[in-house]
1. When the expected Rg is taken as 2.2 N^0.38 Å, what fraction or multiple of it is the alpha-carbon Rg of the stretch 1-108?
2. Using the Cα centre of the stretch 52-211 as the reference point, and only Cβ charges (+1 on K/R, -1 on D/E), how large is the resulting charge dipole? Debye, rounded to the nearest 20.
3. If the limit is 27 Å between Cα atoms, which of Lys166/Lys207; Lys120/Lys144; Lys90/Lys245; Lys182/Lys351; Lys30/Lys144 go over it?
4. Roughly how compact is the stretch 148-212, stated as its Cα Rg over 2.2 N^0.38 Å to two decimals?
5. Which whole-percent values make up P(r) of the stretch 91-157 when all C-alpha to C-alpha distances are grouped in 10 Å steps starting at zero?
6. What is the ratio of the Cα radius of gyration of the chain to 2.2 N^0.38 Å, where N is its residue count, to two decimals?
7. Tell me what the chain gives for mean residue ellipticity at 222 nm when only DSSP H runs of n ≥ 4 count, each as -39,500 (n - 2.57), the sum divided by the residue total, rounded to 500 deg cm²/dmol.
8. List the aspartates and glutamates whose Cα lies under 19 Å from the Cα of Lys71, skipping any in the same chain that are fewer than 8 positions away.
Amino acid sequence: MIISVYQPSLTGNEKKYVNDCIDTSWISSKGKYNDLFSERFAGYIGVNYATTVANGTLALHLALMALGIGKGDEVIVPSFTYIASANAVKYTSAEVVFADSVKDSWQIDPEDIEKRITSKTKAIMPVHLYGHPCEMDRIMEIAKKHRLFVIEDCAEAIGSEYKGQKVGSFGDIAAFSFFGNKTITCGEGGMVLTNNKTLYERAMHIKSQGLADHREYWHDIIGYNYRMTNIAAAIGLAQLEQIDKFIDRKIEISEIYKKELIGLPIKVHQSTGDVKHTYWMVSISCNNLDDRECLRGYLKEKGVETRPTFYPVHTMPMYDDKYQSLPVAEELGWSGMNLPSYPGLKDEEVKYVCDSIKEYFARVNLHD
């Protein structure tokens, strides 16, 4: 038995819509599916405007550029996140300022955000990590007090909610990812969302080579080609039609893990506060840091694929030019791992993973 850490579920209208693209010859960025996907995704999240892009990292970069973030500016980002969050800031020539995380929720610590604000700070980038929302009331309060932009990185949190409101609808602008391992996928793809018409128009202008509205093939800024193909959007639309089914199944899987893994020297990442945690990945942290790699090795022998949680970005070579101590991010980065949690996973497969984890700790206790 081989159980993957993630697999996309392509059981809806994906083939039908892709074949429609091929049959009509609309396979690049033109065609109906980009508009359909954007409109329906905006409606799902509850915002006024959305535009597709080629991937989630570009969505972050485009969001930052639409806000005018650039050289001399600082953006506060959690260190415990995927590196794309920080890299997108560097693409604009702005500086990344890392903040620590909250131990229970694993999300960026609002109190640490406020400590790191300077005269150069222009924006906060909360990352709704592993499907759990950040503390958005407090973050928006801080942003308003200091007159800062908020860019929500929702790559891992499609459908997640904070106090009944979907993430991606709180800040000035938001970015989503539809990579192959995300809750819904286009293979590669992303989306930028906002309630601000000016930001939307700026994003549309920048992503399409700076093409002017008033004259054909006339460009009035240096733009980028960040467009999504019609084929990718067709897949994304078919996936969006199944979003509630996917999320419900992920939550069911998380409940099995929570029930089966009680009493072991690990902690399952759970919901904290009035949130809907969509469990992009079901993640655990080991009480003993030495257990993580040994447990991952044992599960690999049993045919179970896992992966480590993200290493703190402030410890990576391109970002460690000055020493920083972010203890929660470091503890989570060294102790955490992701378990198989994709919608197509069967109950018996989840229980097999749990039984294998129990076996590992039984062997460790026996040797102790």
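Just so you know, all these numbers are worked out from the coordinates, no wet-lab data involved. Note that the coordinates shown come from a computational prediction; the quantities given were computed from them, not determined experimentally. Here the Cβ is made from the backbone with ideal geometry for all residues, glycine too, and neighbour counts use every protein chain on show.
1. Numbers: Rg = 18.5 Å, N = 108, 2.2 N^0.38 = 13.0 Å.
Its radius of gyration relative to the 2.2 N^0.38 Å reference: 1.42.
2. 480 debye
3. Lys90/Lys245; Lys30/Lys144
4. Values: Rg = 12.9 Å, N = 65, 2.2 N^0.38 = 10.7 Å.
The stretch 148-212 yields a ratio of 1.20.
5. The distribution over the stretch 91-157 is 21, 56, 22, 1, given as percents.
6. Output field value: 1.01.
7. Value at 222 nm, helices only, nearest 500: -12000 deg cm²/dmol.
8. Leaving aside aspartates and glutamates fewer than 8 places away in the same chain, those within reach of Lys71 are Glu95, Asp321.
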